[in-house]
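Heads up: the structure comes next, in C-alpha cells.
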Amino acid sequence: MKFPFPQILACGLACMPGPAALPAAETAATLRIAHVAAREGMRKEMVYYIWDGGDGRWLPTAIGFAEAVASAAIPWILEGEPKPRWRAVGLSGWTSDWKPCGRTRVEPSTAPLAPQLPVKSASAQALGKSKEVKTGAKGELSWNGLRLAADFTPSSLTLDLGGVRGVDWLILRGDPRNQEAGFPQHFLIQSAVSPDGPWYPVVSANYAFFPDPEANEVWIPLRGLLARALRVHVPRPNALAGGGFGWTLGGIRLLGGAAPAFQADFPAPESLAAWNNLWLNFGIAGNEIHQRFDPWWETDRPSDGGMVCIGSCEWLAWGAKKLSWLGDGPFTKQLEKYIAGNPVDPDGMVWAAPNSAEHLDHSVHHVNNSIYPTAVAHHFLMRRDPAFLETKDPESGETILAKARKAMDYNLEKLGGKSGMLTLPGRDLDGTPGSHGSNYWDFWLFGYKCAHTNAFFHEALRQFAELEEALGNTGRAAELRALRPKVKEEFNRAFWNEQTGRYAGWIDANGKAHDFGFTFVNTQALAFGLADETRAARVLDWLDGKRAVAGDDSTGADIYAFGFAPRANTREARRGNPPVVNTWDGAFDIEPGGNAAYGLQIQNGGAIFYVSYYDLHGRMRYAGADDAAKRFSAIEAEFRKDQLRRDPANNKGVSDIFGILREFPESGLVPYFFVDGILGIEPAAAGLRIAPALPEAIPSATVTRLAFAGKTWSITAARDAKRPVADGATIRLPATGAWLLTPDGKIAAHE
Amino acid sequence: MNRFYQKFALAAVLAAPPLHAQIAYRETFPEHRNPAQYIRIAAAGEKWEILKDDDGARFMRVTMLPLENRPRALVVWDLAPLQFNRLSVRVRVNGSGAAPVFLSLSASDRFGSSYTFKPFGKADGAPRKPLPAGGAWATYSARTPDDLASIFERGKEVSPYVHGRGEAVTTWENVDFKNIGFKTLHFQIDVLKNSVLMGKPFSVDFKLLELANDRPAPPAAPLPH
C-alpha cells in the first residue's frame with residue numbers, strides 16, 4: 001500500500017530499503033508507534049527503545065522507565081505494510097530481543113520530510129587535536145574513524161553548518177568497510193551556536209550500549225533544534241578486537257531547514273537560536289528526557305528538564321498560553337482533557353486537580369476560580385471551536401462553558417468579587433501564622449486579601465469578558481469589564497505600600513500587610529496593568545536596584561544575582577515576627593544554615609524562571625520594549641551558558657534553589673513572550689489582536705505556524721511595513737498600532 | 001574517494017576494567033555534564049568543586065566542616081535508575097592530619113528501598129578502618145549482595161543482618177539483585193565524636209566512580225516477577 005502525500009503512519013515502523021533511496025518527495029507519510037512496555041516493564045533501571053521499521057532505519061528514544069508506554073512518530077517513506085519492531089536497551093547494557101510492535105497506525109501528514117541540510121565542514125576531535133573529515137553529497141565520510149589507545153577517551157565528530165539552522169533529524173550510518181572500529185556503542189549528541197561551543201547536550205539523545213545498526217541508518221530526532229554546529233560525542237570508544245579502542249561512522253546527514261517558530265532580525269544569530277531553543281526546551285519540551293515517556297509528567301534528577309504542562313488547575317491558564325497556538329495535536333487534546341475533567345463544585349468552587357479540591361491535599365487555592373475561566377477563554381478564543389466549550393465533564397456531565405461561568409460567578413458572589421476585592425474565607429486561608437497559604441507560592445501564608453489571587457481575578461475578568469462577547473453575551477461582557485477598574489482601585493488601595501514603594505503580598509484577617517519584597521507579586525501586577533505610571537516606576541527602580549528599600553536583605557544588583565529571574569523576595573522570611581511561612585511541619589528551616597535559609601529555597605531568596613515572563617511584560621508595558629529587551633538579553637546570556645539546565649542543591653542536599661526544570665513547565669512562558677509580548681498577539685472577542693512592540697534593535701519579527709481559528713498563520717510585524725498585507729496565511733503588518741485578524745481571515749486596524 | 005586513516009596517539013590514562021565486569025557508569029566529571037545536576041552535598045559538606053589532578057584527570061573535592069551537631073558530610077550522586085552489582089571509587093583525604101576520617105555508603109532505588117554497604121575498611125567481625133591519612137588515594141569497592149550490611153524496603157529491614165551486630169536472621173532470597181534500579185548513592189564521611197577535626201575544615205576528594213556488572217550481563221529475557 002502506498003500512502004500518498006500527505007499522510008502519516010501512526011504507531012509502529014514501516015519497513016524498507018536503504019536510506020540512500022530516500023526521495024524527499026515520497027516521505028510525506030509518518031508512522032506512529034505506540035508501544036506498551038510489556039514485560040520489559042519489570043526492569044527497574046531505565047531503558048531506551050529502538051524502533052525498526054524494516055525500512056533501513058532505526059529510531060532510538062530517550063531513556064525512561066521500562067514500565068511506561070513509549071511511542072514514536074516516524075516519517076514513513078516506503079510502500080508496503082508496516083511491520084515495525086522494537087527492542088529495549090538497559091542503561092547497564094542488556095539488550096532485549098526484537099519484538100513486533102503491538103499498535104501501529106497511519107495518519108495524514110501535513111508536511112513532507114525535511115530536505116537534507118548542507119554541511120560546511122566536518123572534523124574529528126580527540127585529545128585536544130582536531131582534523132578535518134571530508135563529507136560527500138550524501139553525507140558519506142571520507143575517513144576510517146578514530147583510533148585511540150585508551151578506553152574512556154572522549155572524542156567527537158563535529159559538523160559545522162555554516163550558519164544557524166533548524167535541524168529535524170540527525171542521521172548516522174555505520175561503515176561496513178570498517179567493521180573493526182564499528183558504530184559507536186556510547187554516544188551523545190551536542191549542539192552549539194558557534195563551532196567553538198559552548199556545547200549543549202541534546203539530553204534526549206544520549207545512548208549507552210547502542211547495538212550495532214549494521215546496514216541501517218540511525219535516525220535521531222532533533223525536532224527543529226536551532227544550531228550552528230552539531231557533534232557526535234563519544235565518551236567511551238569501542239574496544240577493538242585487535243587491541244586498542246575506536247569507532248567510526250560511514251555517513252552522517254542532517255535533515256531540516258524549516259523556518260523556526262520565532263524569527264527576527266536579531267543583531268546576533270545566537271539570539272534567534274536562544275528564543276527558539278528556549279521554546280524547544282521549556283515550551284514543548286521536545287528534546288527532553290521524560291521518564292514516563294510523557295511530557296506532562298516531571299522527570300527526576302539528574303535527567304530533569306523541561307516539560308509541557310501539569311494537569312492541575314494551577315497550571316491550566318499557563319498551559320493554554322503555551323499550547324493553544326500550536327493547533328491540533330496531542331498537546332491540545334491533552335489540555336482540553338484536563339480542562340474538561342477539572343472538577344467544579346456545585347457552588348462553583350474550582351478544584352485544584354481532578355482528585356483533590358485542595359492543592360496537595362493541604363489548602364484550597366481560590367485563585368483557581370480565576371485560572372479556570374482564564375484558561376477556557378484563552379483556549380477557545382485561539383481555536384474558535386464551539387465543541388470545546390460544549391465538552392462535558394466526564395464525572396458531572398457539565399459543559400466546560402457552564403463550569404467556567406460557575407467559576408466566575410463564585411468569584412463574584414462567594415468571594416466578594418463584586419466589591420472589587422476577593423476575600424478568602426476560613427481559618428486556613430486567613431493569612432495569619434498557622435494558616436495554610438492559598439496559592440502557588442505555598443511556602444508563604446498568602447491569604448485573606450491575597451495580591452496574587454486578586455491580580456489573577458483582574459486578568460480573568462478581562463479574558464472572560466472577551467469570551468462572553470465572542471459568544472454574543474455583550475451585556476455580561478460589559479458587566480465584567482466594568483468591574484475591572486474597581487478591582488484595580490481596590491488592589492492598589494489594599495496592597496500598595498507607600499513606605500516601600502511596592503505591592504505587599506497579602507493583608508491578613510487582622511488587617512496586617514505582609515511585604516517581603518515579593519518580586520513575583522510586583523512583576524505580575526505590572527504585567528496585568530494594575531499600577532499607574534508612578535507606582536510602576538517605583539517598582540522597577542526597586543527591582544533594578546536603583547533604590548534600596550530599608551530593611552531589605554537583597555538590594556542593588558543582588559536582586560537579579562541569578563540572572564534569569566529576580567529573587568522571589570528581597571526581604572528574608574525570618575524577618576517576619578512571627579514568620580508568616582508554612583514550614584510544612586518543620587520540613588523547612590528558614591534560619592541561617594537551615595535548608596530554607598535565604599537564598600537556598602526557591603520561595604525564600606531563590607528564583608523561579610516563569611516570573612521573568614511577567615517581568616518582561618511589565619517592563620514592556622511601563623518602561624518600553626527596549627527595557628524588556630535589555631532584561632531578555634540578560635536571560636539570554638544565562639541561557640547561553642548552560643541552556644538553563646540548572647538544578648543545584650542547597651546545603652542540605654535539597655535541590656530547591658531554582659525553579660526552572662522538572663515541575664516548572666511554566667518556564668516555557670518566557671519564550672512565549674515573543675508571541676504575546678514582542679508581537680503582541682492576544683486573542684480577543686473579535687479575533688486575534690496584534691499589537692507589536694518591537695525593541696529598537698529588531699526591525700521585524702515573525703511567528704510562524706501560529707494556529708488561530710482553525711488556520712495556521714505566519715505573522716510578521718515590520719517597522720518598514722506601511723499597512724497590513726495578507727498573502728494567504730502570511731500576514732505582514734506595521735510594527736506600530738494595533739491590528740485585528742478576524743476568525744474569517746480579514747485583517748484591519750483595531751482600537 | 002580520498003580517504004585517510006585518522007589516528008590519535010594516546011597515553012593510557014586509566015586502567016582497563018576487569019574483563020569479567022561490564023562498566024555501566026564511569027564518573028570522570030566530564031565537561032559536557034554539569035555536576036550540579038547530579039551531585040548534592042549536605043550536613044558537614046560545605047562545598048564541592050571539580051579540580052584536575054596531576055595526571056589531568058578530573059576529580060571532585062568536597063570541603064567539609066564537621067561540627068558537634070553535624071559531624072558527618074553526605075555526598076549524594078543522583079543516577080538515572082541503573083542496575084549494577086559492583087561499585088568502586090577512589091577517595092583521598094586532605095588536611096586531616098592523623099585524625100581518622102571514615103567513609104561509608106548507602107544507596108537507594110527508585111521504589112524507596114535503601115541498601116547499606118559495609119563501610120570502608122570493614123572486615124567481618126573487625127572494626128572499620130579509617131581512610132588513609134597523608135593525601136594518598138584509596139579505593140573503596142563493594143558489590144551486591146556480598147558487601148551489603150542491610151536492606152530496608154520502605155522502612156522495613158529485610159536484611160540477613162541486624163544492623164550493628166552482624167548476625168544473620170533471615171535471607172535475602174526475595175531480593176532480586178540482578179534487577180535493582182539504583183537511583184542515588186549516598187557517601188557518608190564522618191569523624192569520631194571527640195575528633196580534633198571538629199570545627200576544622202578539611203577536604204575529601206572523589207575520583208573515578210565506577211558502577212559495573214559481572215559478565216555476563218543479566219539475561220535479556222524478561223525477569224520473572
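The values are calculated or read from the model by the stated rules, or taken from the named source; none is laboratory data. Just so you know, these numbers come straight off a predicted model, no measurement behind them. Counting neighbours? That spans all protein chains shown, and the Cβs are built from the backbone with ideal geometry, glycine included.
For the reader, a short list of remarks on this structure follows.
- Among the residues of the stretch A:360-399, the ones that are part of a loop (DSSP other than H, G, I, E, B) and either of a type in the set (D, E, K, R) or under 17 Å from A:Ala709 (Cβ atoms) (or both) come to 6 in all.
- For the stretch A:230-246, the criterion of being assigned to a loop (DSSP other than H, G, I, E, B), crowded, with 23+ Cβ neighbours inside 10 Å and more than 18 Å from the chain's Cα centre (by Cα) is satisfied by at least one residue.
- Matching residues in the stretch A:29-70 - criterion: being at pLDDT 85 or above and of a type in the set (Gly, Ala, Ser): A:Gly56, A:Ala62, A:Gly64, A:Ala66, A:Ala68, A:Ala70
- Number of residues in the stretch B:164-203 that are modelled with pLDDT under 85 and either of a type in the set (Ser, Thr, Tyr) or exposed (fewer than 12 other Cβ atoms within 10 Å of the Cβ) (or both) equals 9.
- Among the residues of the stretch A:215-247, those that are more than 26 Å from A:Ala114 (Cβ to Cβ) and touching a Gly at 6+ places or on another chain (Cβ under 7 Å) comprise A:Pro237, A:Asn238, A:Leu240, A:Gly246, A:Trp247.
- Pairing residues of the stretch A:167-190 that are farther than 22 Å from A:Phe152 by Cα and away from chain B (no Cβ under 14 Å) with residues that are at pLDDT 95 or above and not in a strand (DSSP E or B), at Cβ distances under 6 Å and at least 6 apart in sequence or on separate chains, gives A:Arg173/A:Gly250.
- Restricting attention to the stretch A:665-707, the residues that are in contact with an Asp or Glu (Cβ under 9 Å, 6 or more places away or on another chain) and over 28 Å from A:Ala623 (Cα atoms) total 2.
- Residue, nearest to the other protein chains (Cβ to nearest Cβ), within the stretch A:312-343, restricted to residues that are closer than 19 Å to A:Ala460 by Cα and assigned to a loop (DSSP other than H, G, I, E, B): A:Ser312
- For the stretch B:39-69, a residue qualifies if it is over 26 Å from B:Lys183 (Cβ atoms) and crowded, with 20+ Cβ neighbours inside 10 Å, and exactly one does: B:Pro66.
- Filter pass, A:Leu483 being within 32 Å of the chain's Cα centre (by Cα) and assigned to a helix (DSSP H, G or I): no
- Evaluating A:Asp647 against the criteria (1) modelled with pLDDT of 95 or more; (2) within 14 Å of chain B (Cβ to nearest Cβ); (3) surrounded by 22 or more Cβ atoms within 10 Å (Cβ to Cβ) leaves one unmet condition, (1).
- Residue count, the stretch A:138-162 (criterion: more than 7 Å from chain B (Cβ to nearest Cβ) and at negative phi): 10
- When the strands (runs of 3 or more DSSP E) confined to the stretch B:1-106 are screened for residues that are within 8 Å of chain A (Cβ to nearest Cβ) and either out of contact with any helix residue (DSSP H, G or I) (no Cβ under 7 Å at 6 or more places or on another chain) or at pLDDT 95 or above (or both), those reaching at least 1 such residues are found at B:21-27, B:39-43, B:45-52, B:72-82.
- Restricting attention to the stretch A:249-272, the residues that are part of a loop (DSSP other than H, G, I, E, B) and touching a strand residue (DSSP E or B) at 6+ places or on another chain (Cβ under 7 Å) total 8.
- Residue that is surrounded by the fewest Cβ atoms within 10 Å (Cβ to Cβ), among those in the stretch A:247-269 that are over 29 Å from A:Glu140 (Cα atoms) and in contact (Cβ under 8 Å) with a residue 60 or more places away in the chain: A:Pro267
- Summed over the stretch B:37-59, residues that are closer than 24 Å to A:Gly305 by Cα and either in contact (Cβ under 8 Å) with a residue 24 or more places away in the chain or touching a Cys at 6+ places or on another chain (Cβ under 8 Å) (or both) total 7.
- Entry remark, the stretch A:134-163: residues being among the β-branched types (Val, Ile, Thr) and surrounded by fewer than 21 Cβ atoms within 10 Å (Cβ to Cβ) number 1 in total.
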